[in-house]
Structure formats: C-alpha cells, structure tokens
Protein chains: 2
Amino acid sequence: MRTLLHLRFRVAEIKNVTVFLLTDLERSNYECEKYRMFWEDALVKERVTVVDIAHAAGVSKSTVSLVLQGSPLVNEVTRAKVNATIRELGYVYNRSAANLRQSKSKIIGIVVNDLTNSFFAELAVGVDAVVQSAGFVQFLANTSEKIERQREVVASMREHGVSGLIISPARGTEAADLAPLVDSGIPVVLVVRDIADAGVSSLTSDNHAGAVAAVRHLIERGHRRIAFLGGFPDTAVFEARMRGYRDALLEAGLDAADALVVGSAPSRAGGVTAIEQAMMLADRPTAALCFNDAVAFGVCDGLRARRLEPGADFAVIGFDDVIEAKTAVPALTTVSVDPQGMGQRAAELLLKQINAGRAEAESIIGSVRLVVRQSCGAAIERRTREALS
Amino acid sequence: MRTLLHLRFRVAEIKNVTVFLLTDLERSNYECEKYRMFWEDALVKERVTVVDIAHAAGVSKSTVSLVLQGSPLVNEVTRAKVNATIRELGYVYNRSAANLRQSKSKIIGIVVNDLTNSFFAELAVGVDAVVQSAGFVQFLANTSEKIERQREVVASMREHGVSGLIISPARGTEAADLAPLVDSGIPVVLVVRDIADAGVSSLTSDNHAGAVAAVRHLIERGHRRIAFLGGFPDTAVFEARMRGYRDALLEAGLDAADALVVGSAPSRAGGVTAIEQAMMLADRPTAALCFNDAVAFGVCDGLRARRLEPGADFAVIGFDDVIEAKTAVPALTTVSVDPQGMGQRAAELLLKQINAGRAEAESIIGSVRLVVRQSCGAAIERRTREALS
DNA sequence: CTTGAAATTTGGAACGATCTAAATTATTCG
DNA sequence: CGAATAATTTAGATCGTTCCAAATTTCAAG
C-alpha cells in the first residue's frame, strides 16, 4: 500500500509559503490536486530560496545553510530531511548571494590571445580539468591579440569577482597594463608569454633550450643551411626561440644569415608564405626550425606545393607538440611543450596562490624535450641504415 | 602654478570615510602626506563600494548607482564628479551584488563536447564575439563527451545565474537530461547536435543536403566506389550525413555497400584508421566523403602513408570547413558549415530569447554549401582541361 | 515673489546567502 | 535527579547593489 502525501498551504504573501506535510489519507484527492497546483504555481512564480527550504523542512534558514555547506554540526536526521526538501522543491543554489556575503567566488578567469590556435584551446582544456575538479568554474575569454579587448575582459572578470586569473597576454602587453590588476591583489599567473617586471607568477617554457636542441639535431643530421620560419619578431617567445637557433648555429661554427630568418603570422597560412619566401633565396635552406607546429604544418603544405616531400627532401621541426603532430603524415618532429600539461600546471599554481592568500610570485620555466618523428628525416635515415645492415 | 589638493579625513568607523577636498595651500606637506597614508590604507584594507564613492563625491549612494547605470536622470555636473571619484578611488563594480538584487546576470554559458576539436574552438570564438559586444561574458566549459561532466557544468552554470546557455550536447544526451534545465525557463540554444523533443531552440546545419551535394559532385567527376569515413555511428549528425551519402548514391543508381561506411573517432587519428580499413577492401574505393574535416585530414595523412596523393590519386571531401581547410595542401574540398558564423548566429538567437523573455523554441537548419578545392581532384582536372585547350 | 511643474536627488527596503553569538535540546555522570 | 557538558539549532546582522516612493531643488510663468 502506498502512502499518499497530502499537502496543505497557507499563503501569507506571494512568497511566504508555509508547507505542512501530512500523511492524512482522509483528505480527498481533489483537494490534494488543488493544493498541488498552488504549490507548483508558487514554484514557477518565484525562485526557491533557503527560506523556502527552511519553512518546508521545518527548520531555520541557518540550518539549511549549514547543510548546504556540508557542516558536521548538523544532525544526520535533519540533514537528510533538508536534503530531501531541497531535491523536492528543485532548489538552485544562488552563488551570487553567497559571493556577496563571503566576498570570494569559485570562479577563475582564463584569457588567451588566440583560441583558434589549438595550442591555446588545449591549454584551456588543461586548465579546465584541474579547475573543475577543485570546484571552480572558468570564465574563458579570447582577446584575438587585441590589447583593448584584453583590458575589457580583464575588467569584466574583476567585476565578476574572479578569485584568480590565468593570462596568456596579447601581443604588446606591458607591465603597466597589468598593474591595476596586480595591485588589486588578485592572484595572476601568466602563461606562455612572460612580461618583465610585472611582479606576478609566470609559467613559460624553455624556448631557448628547445630551439638549441632542435637545431643541434638538424646539424647532427648533416644540415648546414637551416632556416628559422614563422612567428612575429616582436614577441618574447620569438626572441627566445630565435636566439636558441642562433646560438646553436654559432656553437657549430655556422653563420646565421639574417635572410634565413623569416617571420610570418604564427599560423598555418603564415607557414606557407614563410617557406615560399625562404625557397626564393639563391642559397636555399635544406631544413627549418619553425616557430610553432601550426607554422610547421604550413611549411609542409608549402613544400608539397613545390613537389618536395617534407622529411625526405627537406627537414622540418616544429614547436609545441600539439595533438595533431603525432598523427600527421609525416609525423612532425617537434619540441614538446605539452599544452594541456602546461594548462594544468598553471591552474595548480594559481589554485595554490588562491589558497595561500598571498604568495610570492614565482617564475617557472618548464623544461621541453625534442620529440623526434619523421618530418626531420630521422625515420628515413633509420630505414636506410637498417637496409644497409 | 599648480594647485595642490590637500585631503582631510574623518574616519567614523573602519569603513565610513568622509573626504573633504580642499584647495588649501596653508596645510603643510607633512599633513598632506599623513592623510594620504590614511587614505591609501583605507583603500587597500577594504574594497571600495558605492557608499564610499557617495561619501567622497558628496552625494547619495542612489545617485552613484544611477551614474553607474548611465541613467539620463542625473545632472551632468554630478555625473562628472561621480565619475571622477570612481576613477580616483579605483572602484570596481560588484556584479554579484547587482545580480542578487536584479536577479539576472550578464553571463551566458557555453558548453561544448570537445574543445580540442578546432570546429568547437571556432564556434566558441564566434559566440564570444557576439556575446561580448552585447555586454555579456561567457562561461565556457568542455565536457569531453561525458554526460556526467555535462550535468555538473550545467548545474554550476545555473548556480551562477547564467541568463542563457548554448550547448553542443555530449554524445548520448537525451531530452530527459535537459528537462530540469528547460523547466527552469532559462533560454537554451542547442548547436550542432539537435535533441528530439527537448523543446528548446536549436541551430544545426543541413547535414543531409551537404552530404548529398558532396557525393553528387564525386559521382559527376566519375567516381563509382565512394566511401563514407569516420564519425561515431550513434550520433544524429552521423546519421544525417550518412543518409545523405546513401541517398545520393541510390539516386545515381549506385549501390551503397555497407563495407564502404567505416566509422571511427571524429578526429585526425580516426581518419587515419578509417582510410586504412577502407583500403583493405578487395574492391577499393576511389573517393571518400569524410565525417568532418579532422577525419579528412587524417584520411589524407593515411593516403600519403600509402604513397597515394590526395586529390590526384584519391578524392577526399571533408565536412565543416575549418580554417585550415583553405590553406592545407592540397586545399580541402569540404562542405562549409562556417563554425564561427554558426557560433555567432547561435549567440544572436540566444540573446534574442533572453531579451524577449519567453520565446517559442525555433529550430534553424543552416544551409551549407560545397566548397570545391583541390582534394577532390577538381583543380587537377581543370589544369588538364586548360592544358588541352 | 508665488506657484506648479520639471528636474534631481535621496532614504530605506529589498535580493539570498553566510556568520556570529547566543539559545535550545540532548547526553553524561556523580 | 540535577548539574555540567556536548550537540544542535537559531535569530538577526551583514555583504554591495538596485529600485521605489518620496523629498528636495530648479526654473519658468504668472
């Protein structure tokens, strides 16, 4: 036999609803239905709050609040009752109200300079994973490299009370642009691109060492005319990678001709134009270190357009190790930066600072490693070697 | 001669600060400095609120609020004074408080099933552009195709009071999963994947027509054994595209052998495995329509691994028209879905519903068009034709 | 001057949670 | 059984904004 719950309401005001739950089988079904309608009406009319839950469960709003916070102070029986009511009335927690009172939120902001670049999309995914599991949600904004837009989104995030910010700064961002944000005391972690004297933590990768390793590898494989292709020359990342390229050449006693360094947009399309320009040189390069993987893919495209097979006829090395690098044909030799892992570490660093209250700014330079695949010709050489032996 | 501003404070309570601005040159610099320190101390200690601004500017908090909202009711002189004070004290608007009072926010949520797929990254960029210019910010979450994660993020977004939601549902999402959200009355726009009977607006693309157009094109170019490669067979999008493929074959009197339809993950890696499987068939296909561009790129990679040149030796058509499709080599023939444009339209649809309060659910099926580039062999044929004429 | 209308400004009550300090109830133990 | 203690529960203030209704000031016309 199932027990019917009959519900009676006393509607004091439009919002002040007291609910009596009676297991009274004598009430007619009609009456039950009637009041149920009242009830549902009240539900759709106004949003359910802790006070409603408190009334319905027959406790005070303080108790409901304690239950919501999972406090150990509240009796198990009470907790169960409150939780049941919460589910029954379809209560939705209002974080705006909580944020207001506690003056802290469970939101972190992440602003990237180019979301269409899969490096940054993966970075965001890495951040998301960590941040979600810590009970935060992320505000994500894309600046498209525009400083003005960056200013806007950062301001907007501050207004929403984010408790921390992960920023991959737009091109040309200066310490002064970040000053108001930093002064406000909100933890900030810079990723990918560091900004001198900004006084905040940063997480970059060892671009110089990566470039050195890549160029050394090309030199070992016998290349002498090595180009550096793609990227905007006015960024710190470009500067570091290019310096690594230069240093490795000098170390080997090779000259680093300026003509072999050709900048371009750090995209696939940019890679195509960069390799075209490089191949116009009288003394053509036989290998290239590319600013990033997107450029490297573009370079492969450009080579094919000239009937050259990347890997076999021309060695290509990328930078970043995006997901596609592994499955591309030929698989891309690249300096692995692990964007998702970087996002995760950035998120962890940020969370640490948020929890610590006020931490010293730390600069972490993540190590990178050269992942040798086919596009630099290694596999082909190995095959040849195997055939000979 | 420059005028020095001397500042004197009366500190009633820790937070109740009244500021008198006097142009009084008789006050000593020392005193000025002393009070400035008080001032700055107050600034770092507590956050600046409308009340602080009101006191400092000598008006009521109501007036400050009106200025903040750009109300035409307030006198120009007053407005200027208040704005100056706001800038001076470095006031930051607290949206949590405003949201609480107004019970509405300027936040929209966007949840995608796979952010590492550049189709969705671009979709998000499109949404962001529209939404930002309407003064909203976006919460972005990535579900990685996991229904449980999707449930969590949607709940979290509701708690934060988003005024609307754009969802590209995870695989296997049912109308029942969305019911509580829909019942709450929050405007929802489904993108990419529609869900039957969910009762919400949706914005999909004409997958059937796109597939038909693509396959017709291949048939016109003389292909008879055409494969359909990639994608998870249990999604509506797969179903629609595959049906279009079938219909176009039948229309031409060709038989649609089951063996020529090979599913896989809708990624580059999936494309590689799909084409490998298809090429194992006794009666190999000479062309393929791929589930999406990522698969198509994978198929090209797989072909090259077999020493076949996409475009010349095997015709490949993709679906989506992601940014890279244009610059790839060979440029990818694909059914253009315009992810950024789709994101923009979804955002516009959502904003319309938010402003309208309660709008009828509308299902928009965006038209698609076949963009013929090189990967289906068209360019080669054209070149041949030109050579002959 | 008045006077009435128009233009500005304002006090104080919301919004929905949390938190403190105090009140209430339950339990233990001599 | 009563006091002491532990375990629960609660009233009421508070966070920073908006909004209503009412107060105040300004201004033009009589």
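For this structure, a couple of remarks:
- Members of the stretch A:45-73 that are under 38 Å from the mean Cα position of the chain (by Cα), near DNA strand D (Cβ under 10 Å from one of its atoms) and buried (at least 18 other Cβ atoms within 10 Å of the Cβ): A:Val50, A:Thr63, A:Val64, A:Leu66, A:Val67
- Out of B:Ser133, B:Ser156, sole residue that is surrounded by fewer than 18 Cβ atoms within 10 Å (Cβ to Cβ) and either without any contact (Cβ under 8 Å) to a residue 24 or more places away in the chain or not small (Gly, Ala, Ser) (or both): B:Ser133
- Cβ pairs under 8 Å, 6+ apart, first in the stretch A:74-92 and farther than 24 Å from B:Ser184 by Cβ, second open to solvent by 40 Å² or more (accessible area, probe 1.4 Å) and aliphatic (A, V, I, L, M): A:Val74/A:Leu66
- Being closer than 30 Å to A:Leu203 by Cα and modelled with pLDDT of 90 or more is a condition met by at least one residue of the stretch A:273-286.
- Qualifying residue in the stretch A:223-231 (condition: open to solvent by 20 Å² or more (accessible area, probe 1.4 Å) and within 31 Å of the chain's Cα centre (by Cα)): no
- Selection within the stretch A:307-321 - open to solvent by 10 Å² or more (accessible area, probe 1.4 Å) and of a type in the set (A, V, I, L, M): A:Leu308, A:Ala312
- Filtered residues of the stretch A:307-329 (kept if in contact (Cβ under 8 Å) with a residue 24 or more places away in the chain and away from chain B (no Cβ under 11 Å)): A:Ala312, A:Phe314, A:Ala315, A:Val316, A:Ile317, A:Gly318, A:Phe319, A:Asp320, A:Asp321
- A:Ala240 assigned to a helix (DSSP H, G or I) and either of a type in the set (Phe, Trp, Tyr) or assigned by TED's automatic domain parsing to the domain that holds A:Gln132 (or both): no
- Conditions (1) modelled with pLDDT under 95; (2) farther than 26 Å from A:Ala294 by Cα; (3) away from DNA strand D (no atom under 16 Å from the Cβ); (4) of a type outside the set (D, E, K, R); number of the one not met by A:Ile108: (1)
- Filter pass, A:Ala347 being more than 21 Å from B:Leu308 (Cα to Cα), surrounded by fewer than 24 Cβ atoms within 10 Å (Cβ to Cβ) and assigned by TED's automatic domain parsing to the domain that holds A:Asp183: no
- Output for the stretch B:74-105, where each listed residue is open to solvent by 40 Å² or more (accessible area, probe 1.4 Å), at pLDDT 95 or above and of a type in the set (Gly, Ala, Ser): B:Ala80, B:Ala84
Okay, residues lined up against (1) outside the structural domain of B:Ala359 (by TED's automatic domain parsing); (2) closer than 30 Å to B:Ser65 by Cβ; (3) within 16 Å of DNA strand C (Cβ to nearest atom):
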| site | (1), (2), (3) |
| --- | --- |
| B:Asn94 | yes, yes, yes |
| B:Arg158 | no, yes, yes |
| B:Gly164 | no, yes, no |
| B:Ala179 | no, no, no |
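- Boolean, B:Thr235 is assigned by TED's automatic domain parsing to the domain that holds B:Leu349 and among the polar types (S, T, N, Q): no
- Restricting the search to strands (runs of 3 or more DSSP E) fully inside the stretch B:268-336 and requiring at least 3 residues that are touching a Leu at 6+ places or on another chain (Cβ under 8 Å) and under 18 Å from B:Arg225 (Cβ atoms) gives B:287-290, B:315-320.
- Qualifying positions in the stretch A:88-111 - more than 23 Å from B:Val92 (Cβ to Cβ) and within 33 Å of the chain's Cα centre (by Cα): A:Gly90, A:Tyr91, A:Val92, A:Tyr93
- Residue, farthest from the other protein chains (Cβ to nearest Cβ), within the stretch B:267-281, restricted to residues that are open to solvent by 10 Å² or more (accessible area, probe 1.4 Å) and among the β-branched types (Val, Ile, Thr): B:Thr273
This table checks each residue for (1) more than 10 Å from chain A (Cβ to nearest Cβ); (2) in contact (Cβ under 8 Å) with a residue 12 or more places away in the chain; (3) of a type outside the set (A, V, I, L, M, F, W, C); (4) closer than 22 Å to B:Ala196 by Cα.
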site	(1), (2), (3), (4)
B:Asn117	no, yes, yes, no
B:Ala121	no, no, no, no
B:Val125	no, yes, no, no
B:Asp128	no, yes, yes, no
B:Val137	no, yes, no, no
B:Ala141	no, yes, no, no
B:His160	no, yes, yes, no
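- Top-ranked residue of the stretch A:45-92 - restricted to ones that are charged (D, E, K, R) and away from DNA strand C (no atom under 12 Å from the Cβ), ranked as farthest from the other protein chains (Cβ to nearest Cβ): A:Lys81
- The stretch B:184-208 residues that are farther than 24 Å from B:Gly231 by Cα, paired with ones that are assigned to a loop (DSSP other than H, G, I, E, B) (beta carbon under 6 Å, 6 or more apart): B:Val188/B:Val200; B:Gly199/B:Ala361; B:Val200/B:Ala361; B:Ser201/B:Ala361; B:Ser201/B:Glu362
- When the criteria are applied in full, B:Thr18 meets the requirement of being within 25 Å of A:Glu159 (Cα to Cα), at pLDDT below 95, away from DNA strand D (no atom under 13 Å from the Cβ) and in contact with a strand residue (DSSP E or B) (Cβ under 8 Å, 6 or more places away or on another chain).
- Every residue from the stretch B:282-306 that is more than 12 Å from chain A (Cβ to nearest Cβ), within 23 Å of B:Thr116 (Cβ to Cβ) and either without any contact (Cβ under 8 Å) to a residue 24 or more places away in the chain or open to solvent by 10 Å² or more (accessible area, probe 1.4 Å) (or both): B:Phe291
- A count restricted to the stretch B:214-233 and to residues that are assigned to a loop (DSSP other than H, G, I, E, B), touching a Gly at 6+ places or on another chain (Cβ under 7 Å) and touching a residue at least 40 places away in the same chain (Cβ under 8 Å) stands at 3.
The values are calculated or read from the model by the stated rules, or taken from the named source; none is laboratory data. This one's a predicted model, so the numbers in the text were calculated from it and none came from an experiment. Note: ideal-geometry Cβ built from the backbone for every residue, glycine included; neighbour counts use all protein chains shown. Calculation scope for accessible area: heavy atoms of the full protein, side chains included, ligands and nucleic acids excluded. Shrake-Rupley method; radii C 1.70, N 1.55, O 1.52, S 1.80 Å.
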